[in-house]
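Remarks on the structure that follows.
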Amino acid sequence: MKKPRPASNTQILLKMKTLLFSLLIPVLTHSAFAQGFQADSILLKKGESKPIRAWILLTTKNEIRYKTTEVATDFVDAKISDFSTIYVQEPNAFAATLDLYEARNFQEAKAKFIEIKEKFKPIATLPNNFHTMAAFYEMECMRNLGEYDKLAEALKSFNKEPLIQEQHLRQLELYVMWDAVSAGAWDRVLSIASERDEESLPGFQRVQVAYCKGLALEQSNQLADALIQYSIAMTADSGASQVIAQQAALKALGVYLKDPMVQDAMKKWGKEDEVKNSSSYNRLIAAGSLAQFYQKYLSLGEALPTDLNKLLQYKEEKPEVSKETEETKKPK
């Protein structure tokens, strides 16, 4: 049996080149991917008191690459653990897109957040980085647009590790509730929402829980309890969550309209058999007041649907004050 011939120097060199090339592919790809990107930042090394301004080019979980001037062609590689502070300045584009989001331009904001998410991928490992934050707000746009299927899909690939704020992490948990709403799994919605009843939640999350719980209660025909939850959804953050407040008002008006007592009061309105201050009369007045409140504060430019619009006419008449009475009230 012949012994295998030892590899020639040429063969060894070729194998080494192939190995080195295979090892360099991820590095080259990463560098190419990050080409042209730099994030204006402030860095503070451990044990030092003077921060430095830097332009971060790339980070991994343990490493950071940065430049010390904006136009420099060389860079510094260091360990993340070398720094006590790594602060990336908020990009103007992110602040402007947040303004769009706050103005309820969710479709336009979503497209902008996607652009920011892609641009800031090179620093996706940093805590609270703008890649992760843009991806988070992209999902918030989906929630506000009612795109629950897209939201559930986006959540599967979302890396929550860089998030550090409790309210952001909790919102990810609330997406599970919205997914159950989308699936019409009302028992599950009620269970998830009820678990949050005793928690101290910021207003914008309390309205989400109350609204979803109201939907579940309405589906199980617990209409009085549903109205309570819709009321919370309209008021828990003083109406700041305008989209949910609007939806909750419309749902509440729908519940009122289906109420047999309200229907009875509507039939008797202005007739001889009308009984003012009765339970049915007061409930109809409450429905009318909510319709007027919607029209004035919650419509967001959208008129009441035709079936609910009729509730606007039901309002308690204020007694007329005669001129003589008004004169007696004036200070002498």
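Would you mind finding the one in I192, I123 that is of a type in the set (A, V, I, L, M) and within 30 Å of I56 (Cβ to Cβ)? Let's see the steps before the verdict.
Working: I192 fails: within 30 Å of I56 (Cβ to Cβ).
Going through I192, I123 in turn, just one is of a type in the set (A, V, I, L, M) and within 30 Å of I56 (Cβ to Cβ): I123.
Any residue in the range 249-257 that is over 27 Å from F106 (Cβ atoms), modelled with pLDDT of 95 or more, hydrophobic (A, V, I, L, M, F, W, C) and over 20 Å from the mean Cα position of the chain (by Cα)? Spell out the reasoning first.
Taking the range 249-257 first, the residues over 27 Å from F106 (Cβ atoms) are 256-257.
Applying the additional criterion that residues be modelled with pLDDT of 95 or more yields 256-257.
Still in the list and also hydrophobic (A, V, I, L, M, F, W, C): 257.
Of the ones still in play, those that are also over 20 Å from the mean Cα position of the chain (by Cα) are 257.
So far as the range 249-257 goes, yes, one or more of its residues are over 27 Å from F106 (Cβ atoms), modelled with pLDDT of 95 or more, hydrophobic (A, V, I, L, M, F, W, C) and over 20 Å from the mean Cα position of the chain (by Cα).
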Conditions first: (1) more than 28 Å from A39 (Cβ to Cβ); (2) crowded, with 17+ Cβ neighbours inside 10 Å. F130 passes all but one, so which condition is the exception? (1)
When the residues of the range 94-107 are filtered to those that are over 20 Å from P162 (Cα atoms) and in contact (Cβ under 8 Å) with a residue 24 or more places away in the chain, which remaining residue is surrounded by the most Cβ atoms within 10 Å (Cβ to Cβ)? T97
Quick one: in the range 108-120, which of the residues that are over 13 Å from the mean Cα position of the chain (by Cα) and of a type outside the set (D, E, K, R) is surrounded by the most Cβ atoms within 10 Å (Cβ to Cβ)? F120
Look at the range 148-172 and say how many of its residues are charged (D, E, K, R) and within 12 Å of the chain's Cα centre (by Cα). 1
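The values are calculated or read from the model by the stated rules, or taken from the named source; none is laboratory data. In this text the structure is predicted, and so the values were computed from the model without any measurement. Neighbour counts run over all protein chains shown; Cβ positions are idealised from the backbone, glycine included.
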